[in-house]
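What follows is a short report on a single structure.
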Amino acid sequence: MTPHEIEGMRNLWQSVAVMALKDHHRRISAARRGHSAVIDSVRHIVCSEAREIEQARMYFNSPDWREVCDLAGIGYRPDMAMAFVTGGAASIVAARQKIVEAAA
């Protein structure tokens, strides 16, 4: 693989990481408000806030998330991912910035 191809793949996996963080954040935020979540123009039924947080915790501690982090060139930190998805909207902006910085 050329360095250009490697960079392209890393950018793709960084996008996957950001989308996973955003999706879990939206689901948790919607559960807090007692609404369904709209993700990519599709309405999703959400569980209770506690259940959404537990589902996010299970994913961010899984081998799948570890692999996404490895392919994105970012550190595997489930605790930081959970802090981002359970925080406010500013936490997602901070998450995206940290992912890009970590991969640089």
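At a glance:
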quantity: The chain - percent relative contact order, Cα under 8 Å, separation 6 or more; calculated: 32 percent
quantity: Net charge contributed by nearby residues that have their C-beta within less than 15 Å of S29 (K/R +1, D/E -1); calculated: +4
quantity: Convex hull volume per residue in cubic angstrom - Cα atoms of the chain; calculated: 96 Å³
quantity: Heavy atoms of M1 accessible to a 1.4 Å probe, total area in Å² rounded to 10; calculated: 150 Å²
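The values are calculated or read from the model by the stated rules, or taken from the named source; none is laboratory data. The shown structure was predicted, so the numbers you read here are calculated from the model rather than taken from an experiment. Cβ atoms come from the backbone with ideal geometry, glycine included; neighbour counts cover every protein chain shown. What goes into the accessible areas is simple: the full protein's heavy atoms, side chains included, and nothing from ligands, DNA or RNA. Shrake-Rupley method; radii C 1.70, N 1.55, O 1.52, S 1.80 Å.
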